[in-house]
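No lab work stands behind these numbers, since they all come straight from the coordinates. Since we're looking at a predicted model, the values are computed, not measured. Virtual Cβ from ideal backbone geometry, glycine too; neighbours counted across all protein chains shown.
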Amino acid sequence: MKIDHLGIATKSITESLKFWGDALGLENVHTEVVEEQKVRVAMLPIGESRVELLEPTSDDSPISKFLEKRGGGIHHIAVEVDNIATALQKLKDAGMQLIDETPRVGAEGCLVAFVHPKSANGVLLELVQNINK
Ligand code: CO
């Protein structure tokens, strides 16, 4: 396994790129809107991982709620797995609380599923299966 990306919530990707892009020196290689999750994402590779900037596209986006409560910060950590269905079943069998029982389509057409922070020390964990590999 590896850390696929760190999801960071922001009110404005454009504003955030002044830090992560211009000042720190990461490159924004991919931007897209994920309609289902009501977010716009920007992907900035860092080593074998990425920083994923998340900007809400509507007031009822999960990211809007997060920003209201915390004003930004790390929203989730995403771990890449070879087989997301197997990984979900394994967690379920271990009694862990899942947000998504079945995978859905996330950014870049990957299969993703979220594990509840209650089961992961307060961390929202995203499982990612890269189907483009
Ligand atoms: Co993510």
Across Lys2/Lys65; Lys18/Lys118; Lys2/Lys90, pairs whose alpha-carbon gap is larger than 24 Å: Lys2/Lys65; Lys18/Lys118
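Roughly how many debye, to the nearest 20, is the charge dipole of the chain about its Cα centre, given +1 on each Lys and Arg Cβ, -1 on each Asp and Glu Cβ, and no other charges?
Numbers: 14 positive and 20 negative charges, 75 e Å.
That gives a dipole near 360 debye.
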Charge-dipole axis of the chain as Lys and Arg at +1 and Asp and Glu at -1 on Cβ define it, positive-most pick from Ile84, Val115, Ala23: Val115
Approximate spin-label separation Glu32-Val123, in nm, with each point projected 7 Å along Cα-to-Cβ: 2.5 nm
Over the chain: Kirkwood hydrodynamic radius from C-alpha pairwise inverse distances, Å: 15.2 Å
